[in-house]
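Working notes, beginning with the structure itself.
The values are calculated or read from the model by the stated rules, or taken from the named source; none is laboratory data. None of these values were measured; they are calculated from a predicted model. Cβ atoms come from the backbone with ideal geometry, glycine included; neighbour counts cover every protein chain shown.
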Amino acid sequence: MSGVQRFAQLCRTIVGVGRNYKDHAAELGNSVPSKPLIFMKPPASIILEGENIEIPVGCSEIHHEIELGIVIQSKCKNVPEAEAMNYVGGYILALDMTARDFQNEAKKKGQPWAMAKCFDTSCPVSNFIPKEQISDPHDVQLLCSVNDTERQNGHTKDMIFRVPYLISYISKYFTLNEGDLILTGTPAGVGPVKSGDVIQGEIPGVVKFTYKVTSRV
Ligand code: MG
């Protein structure tokens, strides 16, 4: 695969992993899960640089969550953990934009997270990162700033469930294909943004992106 446009065309499934960093689970008052907490985002929520993040109607607290994304290379079904890395085609840096007020309401009522996680523009991504550029997905620094102020500075070594385990686990339930995406969870430091803010994400020396936040009208 080459280029983020091709990825965006191919992607048919996005699997999100929640609470995959201890410090992030703690900052929202959540316990650490004993198995991966899985949710989905629709591929239609992907945006590329040049497009804006739109705050959903009625949302009063939208959060940035910077995450390492795993882009799948080939059909992935019941993949053993030991072979999982053979199915990685590359990576992207992504924001799992989350309507936190919608999510808190859903959590309280035991309702699904769709309104919090799946709205239009909720999955801004970086350029495609070829697999060779990240030799170990557990040795990646994840940075996120808002209006030039650092908000998140995490490291993928702190993931609770690691990439091969996640691919193997997810592939038991969802068949993944070329271009599908796994969002591996966010480190601590998530927080609100408002219309007019500028979010920057970075893996130092590898990739960088900038997205502006606007209101949906
Ligand atoms: Mg997330």
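The number of residues in the range 1-19 being of a type outside the set (Gly, Ala, Ser) and within 16 Å of the chain's Cα centre (by Cα) comes to 9. If the condition is being of a type in the set (Gly, Ala, Ser) and in contact with a Ser or Thr (Cβ under 8 Å, 6 or more places away or on another chain), then the range 18-35 contributes only Ala25.
Against the definition (at pLDDT 95 or above, part of a helix (DSSP H, G or I), within 19 Å of the chain's Cα centre (by Cα) and closer than 23 Å to Gly154 by Cα), how does Met115 come out, yes or no?
Details: at pLDDT 95 or above: yes; part of a helix (DSSP H, G or I): yes; within 19 Å of the chain's Cα centre (by Cα): yes; closer than 23 Å to Gly154 by Cα: no.
Taking the combined requirement at face value, the residue does not satisfy it.
Which residue is farthest from the chain's Cα centre (by Cα), if the candidates are limited to the range 63-78 and must be away from the ligand (no atom under 13 Å from the Cβ) and either surrounded by 21 or more Cβ atoms within 10 Å (Cβ to Cβ) or at pLDDT below 95 (or both)? It comes out as Cys76. Here Pro164 clears all of (1) surrounded by fewer than 19 Cβ atoms within 10 Å (Cβ to Cβ); (2) more than 16 Å from the ligand (Cβ to nearest atom); (3) within 22 Å of Phe39 (Cβ to Cβ); (4) touching a residue at least 40 places away in the same chain (Cβ under 8 Å) except the condition numbered (1).
Free of Cβ contacts under 8 Å to residues at least 12 places away in the same chain, more than 25 Å from Leu48 (Cβ to Cβ), away from the ligand (no atom under 14 Å from the Cβ) and not in a helix (DSSP H, G or I) - does that describe any residue in the range 123-144? Taking every residue of the range 123-144 in turn, at least one turns out to be free of Cβ contacts under 8 Å to residues at least 12 places away in the same chain, more than 25 Å from Leu48 (Cβ to Cβ), away from the ligand (no atom under 14 Å from the Cβ) and not in a helix (DSSP H, G or I). Considering (1) more than 16 Å from the ligand (Cβ to nearest atom); (2) within 14 Å of the chain's Cα centre (by Cα); (3) not charged (D, E, K, R), the lone condition that Leu181 does not fulfil carries the number (1). In the set (1) within 16 Å of the ligand (Cβ to nearest atom); (2) under 18 Å from Arg19 (Cα atoms); (3) surrounded by fewer than 22 Cβ atoms within 10 Å (Cβ to Cβ), Met97 fails one condition alone, (3).
Of the residues making up the range 20-36, those that are crowded, with 16+ Cβ neighbours inside 10 Å, at pLDDT 95 or above and either within 11 Å of the ligand (Cβ to nearest atom) or over 15 Å from the mean Cα position of the chain (by Cα) (or both) are Asn20, Tyr21.
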